[in-house]
Structure formats: structure tokens, C-alpha cells
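Here is the structure we will look at.
The values are calculated or read from the model by the stated rules, or taken from the named source; none is laboratory data. Model, not experiment: these values are computed from the prediction. Don't worry about glycine lacking a Cβ; one is built from the backbone with ideal geometry, like all the others, and counts go over all protein chains shown. Ligands, DNA and RNA are stripped out before the accessible areas are found, and what is left, the full protein with its side chains, is counted by its heavy atoms. Shrake-Rupley method; radii C 1.70, N 1.55, O 1.52, S 1.80 Å.
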Amino acid sequence: MLSISTLDSPYAGLEVVRDSCQESTLQEFAWSVYQAWLLAGGPAKEDWGFTVLGHFGGDHCARQIAPELRRWPSEGLSSRAALGLDVLCAIGTDVALMHLHAIAQKVRHKSLQEKAQAKIEEVADNRGLTLDELADRLVPDLDLGNDGSKML
């Protein structure tokens, strides 16, 4: 099912899998598939081994791939890094979007930064927010209350 799915058009059976499995198990599975894909050389024709993170990945996956996305263009893997931006969007959690926003704000490779900026604008538009409103929502709250305090 994963090999015939895209991030934009997932196979309908993936929703059944998501509903039938524990979220943590699916995230571990996705990370394992991704690691196996990398060990196989990360072949572009088998990029479903990477996009699985977009279907089943979560915050842990987003935290792990963000530094790689920043590094890949300098290793000649710009198209993989661009696909990684799509993966972060597909993960869609606040942590994933926070990393996407950080790449859009500052990264050494201008083309990756521009692609990330376009993605973050798309996310803001889809949520009916301005870029500033989205950025405000992506700032970590450190589990503080609305008044900025925390009871210890």
C-alpha cells in the first residue's frame, strides 16, 4: 500500500491501517522503513521508503529528519531534501511545522529555504492564518499556562 501511495494521494487502505494500529507502533514502523531505505542508498525510485514518514511519522520522526534535510543539499541530495519538506508538511504536527518554519527562516541553501518558505505559506493558507499567526502558534510553549506560569 505504501509503495503505491503518494503524500498527496494516499491509498485508501492506509487509513484502515492507521485506525487499526497504535500510533506509537506505526511511528516505529515508519522510522524502521525509513532507516532501511537509507541503508539501501535511498533510491529515488523507491522514495516511498521516505514518504512513509509522512503517512505514519510523528514528532520523533520530524525531529530526526530535520537536521538531515539541512545537510542533504550540501551532499548533492537537493531533491531528497525537497521531498523531506513535503514529508514534514504531511506529518503536520506542530513540531514538524516548527522545523519546517525554521528551515524557511534560516538554512545555508537558498533554494531549500525558498521551497520551505513556499510550503509554510501553503500551510498557513490552508489553515486560514497569516504567516505571523502560524509562526506564533509554532513557538514551543514549554507546557506553560496561558498566563506564562507553571506550577512545580
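Indicate the gyration tensor shape class of the range 1-116 (rounded, prolate or oblate), computed on the Cα atoms with a ≥ b ≥ c the square roots of the eigenvalues: a/c under 1.5 is rounded; otherwise a/b larger than b/c is prolate and the rest oblate.
In terms of gyration-tensor shape, prolate.
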Cα lying deepest toward the dipole's positive end in the chain, options 26, 77, 123, charges on Cβ = 77
Under 17 Å from the Cα of residue 110, which lysines turn up, not counting those fewer than eight places away in the same chain?
-> 119
May I ask you to order 79-86, 122-129 by the average number of other C-beta atoms within 10 Å around their residues, highest value first?
-> 79-86, 122-129
Quick one: with all protein chains in place, what share of the accessible area of the range 1-137 is carbon or sulfur, to the nearest percent (1.4 Å probe)?
-> 49 percent
Global geometry of the range 17-66, whether rounded, prolate or oblate, following the gyration tensor of its Cα atoms and the 1.5 cut on a/c | prolate
Is it possible to state the helix-based mean residue ellipticity at 222 nm for the chain, with each DSSP H run of 4+ residues giving -39500 (n - 2.57), the sum divided by total residues, to the nearest 500 deg cm²/dmol? What is it?
-> -20000 deg cm²/dmol
For the peptides 101-111, 61-71, what is the packing order when you average, over each peptide's residues, the other Cβ atoms within 10 Å and list the highest mean first?
-> 61-71, 101-111
Which lysines have a Cα lying under 24 Å from the Cα of residue 115, excluding residues fewer than 8 positions away in the same chain?
-> 45, 106
Quick one: how many Å² of residue 93 are accessible to a 1.4 Å probe, rounded to 10?
-> 40 Å²
For the residue 8, residue 94 Cβ pair and Förster radius 30 Å, calculated FRET efficiency rounded to 0.05 is 0.90
